[in-house]
1. Considering only residues that are surrounded by 17 or more Cβ atoms within 10 Å (Cβ to Cβ) and of a type in the set (A, V, I, L, M, F, W, C), which ones fall in the stretch 49-66?
2. Looking only at the stretch 1-41, how many residues end up being among the hydrophobic types (A, V, I, L, M, F, W, C), assigned to a loop (DSSP other than H, G, I, E, B) and without any contact (Cβ under 8 Å) to a residue 24 or more places away in the chain?
3. Would you pick out the residues in the stretch 1-26 that are more than 15 Å from V134 (Cα to Cα), modelled with pLDDT of 95 or more and loosely packed, with under 13 Cβ neighbours inside 10 Å?
4. How many of the residues making up the stretch 94-132 are over 23 Å from L172 (Cα atoms), out of contact with any His (no Cβ under 9 Å at 6 or more places or on another chain) and surrounded by 24 or more Cβ atoms within 10 Å (Cβ to Cβ)?
5. Which residues, counting only those in the stretch 141-161, are within 15 Å of A251 (Cα to Cα) and assigned to a strand (DSSP E or B)?
6. Return yes when H157 is surrounded by 20 or more Cβ atoms within 10 Å (Cβ to Cβ), in contact (Cβ under 8 Å) with a residue 40 or more places away in the chain, out of contact with any Ser or Thr (no Cβ under 8 Å at 6 or more places or on another chain) and of a type outside the set (D, E, K, R) and no when it is not.
7. Within the stretch 175-195, is there a residue that is farther than 30 Å from P348 by Cα, in a helix (DSSP H, G or I) and modelled with pLDDT under 95?
8. The conditions are (1) part of a strand (DSSP E or B); (2) touching a helix residue (DSSP H, G or I) at 6+ places or on another chain (Cβ under 6 Å); (3) of a type outside the set (G, A, S), and V105 fails exactly one of them. Which is it?
Amino acid sequence: MENSLRVNLGERSYDLFFGAGILGRLRADLDAARAAGRKVALVTDEHLAARQAAALHALGDGIPRLVLPAGEGTKRLGELGRVWDFLAEHRIDRSSLLVAVGGGVIGDLAGFAAASYLRGIPFIQVPTTLLAMVDSSVGGKTGINLGAGKNLVGAFHQPAAVHIDTALLATLPPREFAAGMAEVIKYGLLGDADLLARLEREPLTLASADLAAVVRRCCAIKAGIVEADERETATEGGRALLNLGHTFGHAIEQVTGYGVYLHGEAVAVGLCAAARLSERLGLIGADEVARVDRVVAMHDLPVRLRAPLPLDALTAAMGRDKKVRAGGLRFVVLRALGEAATLGGVDPALAAAAFREVGAE
């Protein structure tokens with residue numbers, strides 16, 4: 001059964017479509033676009049092309065397809081140039097549609113290509129990982145990584161639509177599913193105590209009867225935050241709340257070269273570090289920190305670094321984070337489990353101590 005959710009952003013509004021086996025709706029939309037003379041192009045990755053060949057084929061014959069390497073290393077300038085060249089080769093114009101089929105890496109990269117090619121063309125998100133379904137496919141943040149840090153180059157470019165088919169998760173490796181759960185847990189921690197309580201009762205798995213409902217709930221939370229603060233300009237709260245655990249997590253990814261931790265795994269450690277920072281700030285207690293650790297571990301995610309990382313390198317990476325303002329670190333902290341806040345002017349020594357508690361040295 002299909003259902004939808006509207007992201008209300010004025011002329012940039014769009015719908016999220018949910019349901020098992022709903023790619024037939026997208027096929028109909030693409031066929032209609034092509035019949036009207038619009039060109040369609042598709043970007044995906046090697047893993048998707050192998051695991052979901054039938055789903056890609058179902059979107060239509062004759063659609064030009066660019067298959068990129070899988071993994072975070074693809075979110076870089078060289079691969080972005082390949083997408084631009086692909087679009088130019090197939091004479092994609094401003095009336096065309098670019099379809100991004102894959103996880104967060106493909107969505108971010110193809111979305112940024114769509115934002116920048118011809119100064120902006122429409123694109124459609126078809127997320128195929130749990131992380132992309134609940135988080136990165138919604139909200140219009142696109143971009144690539146630099147050696148200096150994650151997502152340092154990008155643009156806000158809202159998709160024309162997002163098609164979320166949870167049946168596509170059937171071929172997702174367990175490690176990738178667990179990585180997506182870090183973002184689900186994040187939503188419970190930052191603004192939905194009921195969702196957090198559900199995750200604490202029993203792990204969410206591919207077999208959970210309420211998987212699709214949880215995915216939709218996470219999207220609804222993010223949609224509400226994006227509608228209120230589309231471009232992360234609010235000085236308090238707002239879209240920045242979605243970065244809970246990410247200042248720590250992005251530093252872990254950058255220091256380890258984007259190849260040791262999946263994004264969700266780094267965020268999971270970041271959530272545990274953020275809980276410890278919140279405790280040091282006197283906002284939550286040790287019992288709440290233990291609950292964060294427990295729900296993270298329940299979902300097969302790390303609560304500590306797998307091997308020690310140098311604290312000075314992690315601290316330097318945090319200093320290059322795009323959330324830095326006037327040279328000062330800003331963190332998302334927990335006022336309670338289910339309530340988060342943004343906080344500037346955090347003593348770097350407190351952040352360093354939180355990082356030590358999760359294995360930095």
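1. Across the stretch 49-66, the qualifying residues are A55, L56, L59, I63, L66.
2. Number of matching residues: 2.
3. Within the stretch 1-26, N8, G10, E11, S13 qualify.
4. Summing the residues that are over 23 Å from L172 (Cα atoms), out of contact with any His (no Cβ under 9 Å at 6 or more places or on another chain) and surrounded by 24 or more Cβ atoms within 10 Å (Cβ to Cβ) in the stretch 94-132 gives 2.
5. N145, L146, G149, K150, N151, L152
6. Answer is no for this residue.
7. no
8. Only one criterion is unmet by V105, namely (1).
The values are calculated or read from the model by the stated rules, or taken from the named source; none is laboratory data. Please read all numbers here as calculations on a predicted model, not as lab measurements. FYI the Cβ positions are ideal-geometry reconstructions off the backbone, even for glycines, and counts take in every protein chain you see.
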